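Written below as C-alpha cells is the structure these notes are about.
Just so it is clear, none of the values below were taken in a lab; they were calculated from the coordinates. Here the structure is a predicted model, which is why all the values come from computation and not from measurement. Using ideal geometry, Cβ is built from the backbone for each residue, glycine included, and neighbour counts are taken over all protein chains shown.
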C-alpha cells in the first residue's frame with residue numbers, strides 16, 4: 001500500500017492487568033466529527049482500560065474527526081486517501097488481536113454487545129457474526145418511518161452480516177474477507193464469504209442504526225446499494241438481501257406484521273426508486289454517490 005498513513009498511539013494502549021484485549025475494533029471514519037465522540041463513549045463505557053483494542057481510521061477528513069477520536073483515548077490512523085475499503089484495510093493492518101469488530105462510525109455499539117459478539121465468535125464452527133439492529137427513528141418522517149418498518153421486515157431473513165453497521169470476524173473468518181477489495185459494500189462482501197451455518201446473528205447484541213430520515217435521503221442511499229449489489233454480482237458474490245418479492249409483502253400484511261398503510265408507503269417509495277433508476281439509466285447509467293449526512297446527529301449526547 002502506497003498511501004501514507006499516520007498512526008497515533010495513546011500512552012495507555014494495553015490492559016491494566018497485563019492481559020490481551022478481548023477484541024480489536026476498527027472504525028473507518030470520513031468527516032464523522034458529529035458522531036464519533038458519542039459512538040466511542042458508548043463503546044468504551046463500562047470497560048476495563050485496554051479491554052478493547054480500538055483504532056479509528058480517519059480517511060480524507062476535513063473536519064476534527066481524528067482530534068475528537070484521540071481525545072477519547074483510542075488509537076488513530078490518518079490517511080489522505082478516501083474510501084471505506086482502504087480505511088478498513090489500514091485499520092485491520094494495525095489490529096492486535098482476534099476476533100475483529102468492523103464498526104461504522106455512525107452506528108453505536110455498547111460494550112456488553114461487543115462481549116456477546118466475542119462470546120459468539122468463540123463457538124465451534126462460527127467464523128463471523130453480527131448483532132441485531134435497532135433502528136433509531138427519531139426525526140424520521142412518517143412516510144419514511146413506515147417504509148423503514150416494512151423494509152426491515154422484508155430483509156430480516158437475509159440480513160446476517162449486512163446492513164447492521166457491524167460485523168465480526170474470527171481469525172479463520174478473516175482469511176475469507178481480507179485482503180478486502182475496493183468494494184462499495186464491504187459488509188455485503190463479508191456476508192457473501194460465508195455459508196449460512198458459518199455466520200450467526202447474535203440476539204444478545206444490538207447495534208443502534210440511524211436510517212435515512214427522509215424519502216429523498218433513502219432514494220439517494222438506494223443508488224449506493226444498487227451499485228454495491230451490481231459490483232458484488234460482478235465479483236461473484238450475490239447481494240445479502242437477495243431478491244425481495246411483492247408476495248413477501250403480501251404475506252406480511254396477511255399476518256398483520258405490517259399494516260396496509262405501511263405496505264402502501266413502501267410500494268410508493270419502491271415505485272419512485274424504480275422510476276429514478278430508469279431515469280438515471282436513460283441518462284447514461286453512471287451516477288455519483290457519497291455519504292448520507294442527513295441521518296447524522298450528535299450521537300450519544
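Quick notes on this one:
- Cα gyration tensor of segment 14-107 - equivalent ellipsoid semi-axes, whole Å, descending: 21, 15, 10
- For the chain, the longest principal axis of the C-alpha atoms and the axis of helix 260-282 are separated by about 80°.
- As a proxy for reagent exposure, ranking 279, 147 by other Cβ atoms within 10 Å from fewest up yields 279, 147.
- Under the criterion of Cα pairs below 8 Å and six or more residues apart, the relative contact order for the chain equals 21 percent.
- Legend: ranking of residues 135, 142 from fewest to most surrounding C-beta atoms inside 10 Å; resulting order 142, 135.
- Going from the fewest other Cβ atoms within 10 Å to the most, the residues 155, 22 appear in the order 155, 22.
- Normalising by residue count, segment 124-189 has a Cα convex hull of 106 Å³ per residue.
- Cα-based Kirkwood hydrodynamic radius, segment 52-200, one decimal, Å: 16.5 Å
- The sum of -39500 (n - 2.57) across all DSSP H runs of n ≥ 4, divided by the residue count of the chain, sets its helix-only mean residue ellipticity at 222 nm to -12500 deg cm²/dmol.
- Restricting the calculation to Cα atoms, segment 106-284 shows an Rg/Rh of 0.98 when the hydrodynamic-style radius is the Kirkwood one.
- Degrees, to the nearest 10: 111-121 long Cα axis against longest axis of the chain: 90 degrees
- Of the Cα atoms belonging to the chain, the radius of gyration and Dmax stand at 19.2, 62 Å.
- Across segment 192-276, the convex hull enclosing all Cα atoms gives 151 Å³ per residue.
- For the chain, the longest principal axis of the Cα atoms and the long axis of helix 33-44 meet at an angle of about 60 degrees.
- For q = 0.19, 0.26 Å⁻¹, Debye-computed log10 I/I(0) when each Cα of segment 71-134 counts as one equal scatterer: -0.93, -1.34
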